[in-house]
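A short reminder: the numbers here are calculations on the coordinates, not readings from a lab. Since this is a predicted model, take the numbers as computed values, not measurements. Cβ sites come from the backbone with ideal geometry, for glycine too, and all protein chains shown count toward neighbours.
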């Protein structure tokens, strides 16, 4: 099976184009398919056809319009966009994983294929959301879907319900900790443990603080034991124990004088 090769935008060109957009904050951003700086990997597949790129853009626009694009949307509307776009990009769009792992491909998406959506989603045109990097507008959504939502046939099934329930802070802690959650199985178990703890916790343990403590505990544990190598049952027990410990650490005792 031939792999589809997607357009890429190198770091220098992406930065230059972003600076052009950022220096004229009120300019209308036009989308396109081509740019002189666009490149493709030289071997291993065939260039994606234009109709595929147009179709991906059309679906992203459709999802964005469901969430009030191009009007400024509420936090709930943009949260809905993030979920639907993550599900589309990591599933229906059928972008090869080897291509989606390339951050310069997502720079092409945010700067050329859908700059209007990038601009709508993140007001002020912050560079990290446009150029290559872990927090790129579309790249981070694909990563969320790939790590937590997609069924990898590893016995865990799909995790779309869990992904939809996660808060922004929880998503950052899971998806952007690449040294901890490179394996989708580990990322999914952490996400599920967050959801389970969120349902069980009391109000005296703020979930944002619990999540940060749990991630810190897991990163410390990983120094001596590779989480990805654990059996499923052991992994679940170890991760949930980290969350329970985090709840204890962050529970506010109402009887304690302030």
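Mind checking the full-extension length gain between residue 208 and residue 10? Use 0.36 nm per residue of separation minus the Cα-Cα distance, one decimal, nm. Please report the intermediate quantities before stating the final value.
Details: separation 198, 0.36 × 198 = 71.28 nm, distance 3.57 nm.
Result: 67.7 nm gained on full extension.
State, to one decimal in nm, how far the label point of residue 248 lies from the label point of residue 68, with both points 7 Å from Cα in the Cβ direction.
For the pair residue 248/residue 68, the computed spacing is 4.4 nm.
Quick one: if you stick a label point 7 Å off each Cα along the C-beta vector at residue 179 and residue 54, how many nm between them?
Placing both labels 7 Å beyond Cα along the Cβ direction yields 4.6 nm.
Would you calculate, for the chain, the mean residue ellipticity at 222 nm contributed by helices, counting each DSSP H stretch of 4 or more residues as -39,500 (n - 2.57) and dividing by all residues, to the nearest 500?
Values: 12 runs with 131 residues, N = 258.
The helix-only estimate for the chain comes to -15500 deg cm²/dmol at 222 nm.
Would you mind checking segment 214-237 for residues with the amide N under 11 Å from a putative spin-label position 7 Å along Cα→C-beta of residue 151?
Taking a point 7 Å out along Cα→Cβ of residue 151, no residue of segment 214-237 has its backbone N under 11 Å.
Normalised by the residues of segment 1-150, what does the relative contact order come to in percent, with Cα pairs under 8 Å and at least six apart?
Working: 198 pairs, mean separation 50.0, N = 150.
Computed over segment 1-150, the figure is 33 percent.
Among 198, 118, 213, what is the fewest-to-most ranking by other Cβ atoms within 10 Å? Show your work: numbers first, answer last.
On the way: 198 16, 118 23, 213 19.
Fewest to most other Cβ atoms nearby, the residues stand as 198, 213, 118.
Give me the extension gain from residue 226 to residue 123: residue separation times 0.36 nm, minus the current Cα-Cα distance, reported in nm with one decimal. Show your work: numbers first, answer last.
On the way: separation 103, 0.36 × 103 = 37.08 nm, distance 3.91 nm.
Extra length available between residue 226 and residue 123 comes to 33.2 nm.
Would you order 240, 138 from fewest to most other beta-carbon atoms within 10 Å of each residue's own beta-carbon?
Numbers: 240 18, 138 25.
Ordered by Cβ neighbours within 10 Å, fewest first: 240, 138.
Mind giving me the FRET efficiency for residue 237 and residue 94? R0 is 22 Å, r the Cβ-Cβ distance, nearest 0.05 is fine. Intermediate results must be reported in sequence, preceding the final value.
Details: r = 35 Å, r/R0 = 1.61.
For residue 237 and residue 94, the calculated efficiency is 0.05.
So for the chain, averaging the separation of alpha carbon pairs under 8 Å that are six or more residues apart and normalising by length, what relative contact order in percent results?
Details: 327 pairs, mean separation 42.7, N = 258.
Worked out over the chain, it gives 17 percent.
Taking Rh as the Kirkwood radius computed over C-alpha pairs, what is the Stokes-Einstein D of the chain at 4 °C in a medium of viscosity 1.567 mPa s, expressed in µm² per second?
After rounding, the answer is 66 µm²/s.
If you stretched the chain out fully between residue 161 and residue 134, how much longer would it get, using 0.36 nm times the residue separation minus the C-alpha to C-alpha distance?
Details: separation 27, 0.36 × 27 = 9.72 nm, distance 2.32 nm.
Contour length minus the Cα-Cα distance gives 7.4 nm.
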